[in-house]
1. Conditions: (1) at pLDDT 95 or above; (2) closer than 17 Å to Glu85 by Cα. Asp123 meets all but one. Number of the miss?
2. I'd like the residue in the stretch 92-104 that is in contact (Cβ under 8 Å) with a residue 60 or more places away in the chain and farther than 15 Å from Ile156 by Cβ and, out of all such residues, is nearest to the chain's Cα centre (by Cα).
3. Please pick out the residue among Lys96, Lys146, Lys100, Lys174 that is surrounded by 14 or more Cβ atoms within 10 Å (Cβ to Cβ), farther than 21 Å from Ser33 by Cβ and among the basic types (Lys, Arg).
4. Can you find a residue in the stretch 171-179 that is assigned to a strand (DSSP E or B), in contact with a Phe, Trp or Tyr (Cβ under 8 Å, 6 or more places away or on another chain) and in contact (Cβ under 8 Å) with a residue 24 or more places away in the chain?
5. Is there a residue being aliphatic (A, V, I, L, M) and in a helix (DSSP H, G or I) anywhere in the stretch 154-163?
6. When you scan the stretch 115-124, do you find a residue that is among the polar types (S, T, N, Q) and touching a helix residue (DSSP H, G or I) at 6+ places or on another chain (Cβ under 6 Å), even just one?
7. Look through the stretch 124-139, keep the residues that are more than 15 Å from the chain's Cα centre (by Cα) and of a type in the set (D, E, K, R), and return whichever of them is surrounded by the most Cβ atoms within 10 Å (Cβ to Cβ).
Amino acid sequence: MHIAVCGELGAGCTEVGQILSKKLGLKCVNSASIIRSMVADFRGVHPNESFQEFEQHVRSGEVDLDKMIDSKIGELLEEEDTIVEGRSAFMLLGNKDVFKILLVAPPAKRAHHIAQSRNIMVDEAEEAIRVSDSERKQMVERLLKKEWLTPLNYDIVINTELRSYEETADLIVKAIPRRSLPE
């Protein structure tokens, strides 16, 4: 079973993904963990190059980071049942064998959550959300030719303002088709 916990920045993808991971006994990955894995792979192939040199390859366009992440997610899904949360989860919208969730929340709740989790001011969090939402939208349009927040792209859409992350995870577990749950 594979689960994609997609969402707007600050809607709780990381928290819900971690709770689901514990409840279902599945590995949970996100962009940060995938990139760390790719950097380790990169260092294995190019031991004399630094992370900054890898980053320069990405910035120059020489390396398409989204395509690399997508490829790495494909490898992970072949290895074991997995939860992919956050930005990387959107890359699974075209995959029919994935239970897809969209988490949303009002802007003020999202900004407060990001400000708290990153220990930044709310106005900085609002800017981070604006940038992240724009990047996610563009990535989904570019890679999948889909609108990122269209409910029809998902099996379930949940407003995390209305319930705790634990309650959200419980709702998701109940919504997952029984044939998909691990034994």
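The values are calculated or read from the model by the stated rules, or taken from the named source; none is laboratory data. What you see is a predicted model; the values in this text were computed from it and never measured. Don't worry about glycine lacking a Cβ; one is built from the backbone with ideal geometry, like all the others, and counts go over all protein chains shown.
1. It fails just one condition, (2).
2. First, the residues of the stretch 92-104 that are in contact (Cβ under 8 Å) with a residue 60 or more places away in the chain: 92-93, 95, 97-104.
Those left that are additionally farther than 15 Å from Ile156 by Cβ: 95, 97.
Details: Asn95: 15, Asp97: 17 Å.
That would be Asn95.
3. Working: Lys96 fails: surrounded by 14 or more Cβ atoms within 10 Å (Cβ to Cβ); Lys100 fails: farther than 21 Å from Ser33 by Cβ; Lys174 fails: surrounded by 14 or more Cβ atoms within 10 Å (Cβ to Cβ).
The unique qualifying residue is Lys146.
4. No, the stretch 171-179 contains no residue that is assigned to a strand (DSSP E or B), in contact with a Phe, Trp or Tyr (Cβ under 8 Å, 6 or more places away or on another chain) and in contact (Cβ under 8 Å) with a residue 24 or more places away in the chain.
5. Keep residues of the stretch 154-163 that are aliphatic (A, V, I, L, M), which gives 156-158, 162.
Filter again for in a helix (DSSP H, G or I), leaving none.
Taking every residue of the stretch 154-163 in turn, none turns out to be aliphatic (A, V, I, L, M) and in a helix (DSSP H, G or I).
6. Quick first cut of the stretch 115-124, residues among the polar types (S, T, N, Q) only: 116-117, 119.
Okay, now just the ones that are also touching a helix residue (DSSP H, G or I) at 6+ places or on another chain (Cβ under 6 Å), so none.
No, the stretch 115-124 has no match at all.
7. Only one residue tops the list, namely Glu126.
Each row is one residue, and each column tells you yes or no for (1) at pLDDT 75 or above; (2) assigned to a helix (DSSP H, G or I); (3) out of contact with any Lys or Arg (no Cβ under 7 Å at 6 or more places or on another chain).
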{"position": "Val16", "(1), (2), (3)": "yes, yes, yes"}
{"position": "Arg36", "(1), (2), (3)": "no, yes, yes"}
{"position": "Phe54", "(1), (2), (3)": "no, yes, yes"}
{"position": "Ser71", "(1), (2), (3)": "no, yes, yes"}
{"position": "Ser88", "(1), (2), (3)": "yes, yes, yes"}
{"position": "Met91", "(1), (2), (3)": "yes, yes, yes"}
{"position": "Leu102", "(1), (2), (3)": "yes, no, yes"}
{"position": "Arg110", "(1), (2), (3)": "yes, yes, yes"}
